[in-house]
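**Q** Starting off with a structure, shown below.
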Amino acid sequence: LFSNLLNNLPITAGDQLNHANYEQVKSELSAQAVQNGFFSARFISSQLQLDLQQNLATVDIEFDPGQQFEFSNVNIAEIDVLSSSFIRRYINFEPGTPYSSEKIIELRDALNDSLYFSNVTVTPILDDAINQAVPIEIGLSTRPRRAYSAGVGVTTNIGPRVRADYQDRYFNRRGHTIGGQIAASPVQQLLDLNYTVPMRKPATESLRFSTGFLAEDNDTFKQKTSIFGATYSFINGFNWRQNYFTNYQHDDYRINDQDEVSDLLIGGINLARTQADDALYPEKGWRVFAQLRGASSEILSTESFAQFYLSGMLINRFGPGRLLLKLEAGTTLVDDIAELPVSIQYFAGGDQSVRGYKYQSLGPLNKDGVVEGGKHLLAASIEYDFAVLEDWKLAVFVDAGNAFNEFKDYELKKSVGIGIRWLSPIGPIRADLASALDDGNRLRLHITMGADL
């Protein structure tokens, strides 16, 4: 527990004497002891001896950590809306486990992140320690049972949008929750209802049942999709969010003046992780999402397919600004992609894809030159932004990509552009002017809101 500190002391032989470094050694030893439950730690001796004849200083520290304390019982203040047995499932240590401040912080953060509580205290009661066993007191203040929220936004993909959300945080004392969302824009209308059951590790593990409806009408296709599904979600051993899901979806859609109906029982798995030094405007961070899904015509589905999708983004400081790299790729194994609903087919173009082109306007062309959905997708973006005024950034970018059916027929669509970013109190707002290099250099304005990652 102390080896890393001792192997990286701020004092080494041959350095110039700095009395602050000597005090730092003692401070770090004391802090490390407290963090790991050595509450009886003491300095038997600590001397900085000076030899003025030789111009030498000798540090002599004898430090006795004493016996390491351990966790004792955890006492939880009773609350009406949640049972103590449920709250105890958040506890990340057993009685007899060596004391660790890190465990205390992890427990407090997990209870805070649960969104059940408005205030959380996790306090070691050192005065009540018996035989080096420290009891822990958890104090909780609950949030209101029901939460309502509403929002407005705008992107050039779907136009202005309004949204309303509802959540019942305490459907029962076992921590089950009910939520719903409704959103509407000129292009998309969404309704989503969900019921979430916390599992054995409620901080990271849940089972979620959901049903919803999505309608979309853009320049390429129209669709109405109804979904009912279940998702088992947890944090795996590599600290990635991992989801296993099964969805039954019914699609009514129209593309190229053809009306189609589809029913699919889709199962799959996805992995996601995001790391950033700032949630809204990171100077360094990354995001990865990967998904494998499929259906079989022998199991409640009109078609069989398997599909893999990958998206990622990397942000890093470069010179006076930031370099942003984005990649999106997907492939589908299916006899005829036209037999699948447009919600499964790949399209490109728009605010989050190849800027300079209309939303969902890129894909393979049929014999009449009309866009169809593709089996495969490949798109990438390189962007650089830098500050020009406080809270204002200027950006330049290059996008390229397309959806296609055969790799030999892949036609790359390219664009270049400039943009401005306003770091508003509600997050970044972006305005991009992109030139479609493969569409007569036609200019298109793109407006988006939200965090980069």
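**Q** If you filter segment 147-207 for trypsin sites (Lys or Arg not before Pro), then keep DSSP loop positions with at most 10 other Cβ within 10 Å, what is left?
**A** Numbers: sites: Arg161, Arg163, Arg169, Arg173, Arg174, Arg200; in loops: Arg169, Arg173, Arg174, Arg200.
For trypsin sites (Lys or Arg not before Pro) across segment 147-207 that sit outside H, G, I, E and B with at most 10 neighbouring Cβ atoms in 10 Å, the list reads Arg200.
**Q** Could you tell me what % of all Cα pairs in segment 56-137 have separations over 15 Å?
**A** Looking at segment 56-137, the distances longer than 15 Å represent 63 percent of pairs.
**Q** Are there GluC sites (Glu not before Pro) in segment 282-374 that DSSP marks as loop and that have at most 12 other Cβ atoms within 10 Å, and which are they?
**A** Within segment 282-374, the qualifying GluC sites (Glu not before Pro) (loop, at most 12 other Cβ atoms within 10 Å) are Glu298.
**Q** Still on this model: Normalised by the number of residues in segment 226-329, what is the relative contact order in percent for Cα pairs under 8 Å and 6+ residues apart?
**A** 18
**Q** Now for a separate question. At a temperature of 4 °C and a viscosity of 1.567 mPa s, determine how fast segment 241-284 diffuses translationally according to Stokes-Einstein, using the Kirkwood radius over alpha-carbon pairs as Rh; express D in µm²/s, rounded to the nearest whole number.
**A** Values: Rh = 14.2 Å.
Reported coefficient: 91 µm²/s.
**Q** If you roll a 1.4 Å probe over the chain with all protein chains in place, what percent of the accessible area is carbon or sulfur?
**A** The value for the chain is 54 percent carbon and sulfur by accessible area.
**Q** Let me ask something else about it. Write down the Kirkwood hydrodynamic radius of segment 377-432, to one decimal in angstroms, obtained as one divided by the mean of 1/r over all alpha carbon pairs.
**A** So the Kirkwood estimate lands at 13.0 Å.
**Q** Also: Over the Cα atoms, compute the radius of gyration (one decimal) and Dmax (the largest Cα-Cα distance, rounded to a whole number) for segment 288-336, in Å.
**A** Values for segment 288-336 (Cα only, Rg and Dmax): 17.4, 57 Å.
**Q** Which three extents, in whole angstrom, do the alpha-carbon atoms of segment 224-353 cover along their principal axes, largest first?
**A** Result, largest extent first: 53, 37, 23 Å.
**Q** OK, next. Tell me, in nm to one decimal, what length is gained between Ser226 and Leu443 on full extension, where the rule is 0.36 nm per residue of separation less the Cα-Cα distance?
**A** This chain segment gains 74.5 nm when fully extended.
**Q** Please compute the Kirkwood hydrodynamic radius over segment 1-147, one decimal place, Å, based on all pairs of different Cα atoms.
**A** By the Kirkwood definition, the hydrodynamic radius is 18.2 Å.
**Q** For Cα pairs less than 8 Å apart in space and 6+ apart in sequence, what is the mean separation divided by the residue count of segment 75-163, i.e. the relative contact order in percent?
**A** It comes to 24 percent, rounded to a whole number.
**Q** Jot down the per residue volume, in cubic angstrom and as a whole number, of the convex hull over the alpha-carbon atoms of segment 186-256.
**A** So the per-residue Cα hull volume is 121 Å³.
**Q** Another one. For segment 233-311, which trypsin sites (Lys or Arg not before Pro) pass both filters: DSSP loop (anything but H, G, I, E, B) and at most 15 other C-beta atoms within 10 Å?
**A** Lys284
**Q** Taking the mean number of other Cβ atoms within 10 Å as a proxy for protection, how do you rank 15-24, 263-272, 407-416 from highest to lowest?
**A** Working: 15-24: 11.8, 263-272: 17.5, 407-416: 14.7.
So the peptides 15-24, 263-272, 407-416, ranked by packing, come out 263-272, 407-416, 15-24.
**Q** I need to check one value: relative contact order of the chain, counting alpha carbon pairs closer than 8 Å and at least 6 residues apart, in percent.
**A** Relative contact order comes out at 8 percent.
**Q** Starting from the Cα of Ser118, step 7 Å along the direction of its Cβ; do the same at Leu310; then give the gap between the two resulting points in nm.
**A** 4.7
**Q** Also, quick follow-up: Among the listed pairs Lys393/Lys414; Lys224/Lys284; Lys358/Lys393, which are separated by more than 28 Å between their Cα atoms?
**A** The pairs that break the limit, which is 28 Å between Cα atoms, are Lys224/Lys284.
**Q** Something else now. What ranking of Tyr166, Tyr90 comes out by heavy-atom accessible area, probe 1.4 Å, highest first?
**A** Reading off the accessible areas and sorting them downward yields Tyr166, Tyr90.
**Q** If you average 1/r over all unlike Cα pairs in segment 142-195 and invert the result, what Kirkwood radius do you get in angstrom?
**A** 12.4
**Q** Once Rh for segment 298-453 is found with the Kirkwood sum over Cα pairs, what is the Stokes-Einstein diffusion coefficient at 37 °C and 0.692 mPa s, in µm²/s?
**A** Values: Rh = 16.8 Å.
Reported coefficient: 195 µm²/s.
**Q** When you take every Cα atom in the chain, what is the radius of gyration, and what is Dmax, the widest Cα pair distance, in Å?
**A** Calculated on Cα positions, Rg and Dmax stand at 28.7, 97 Å.
**Q** Here's another thing I want to ask about it. For Lys408, which lysines qualify as cross-link partners when the Cα separation must be under 16 Å and same-chain residues fewer than eight apart are set aside?
**A** The qualifying lysines are Lys375.
The values are calculated or read from the model by the stated rules, or taken from the named source; none is laboratory data. Everything numeric in this text was worked out from a predicted model, so none of it was measured. Because the Cβ atoms are built from the backbone with ideal geometry, glycine has one as well, and the counts that use them run over all protein chains shown. Protein only, heavy atoms only, side chains kept; ligands, DNA and RNA dropped before computing areas. Shrake-Rupley method; radii C 1.70, N 1.55, O 1.52, S 1.80 Å.
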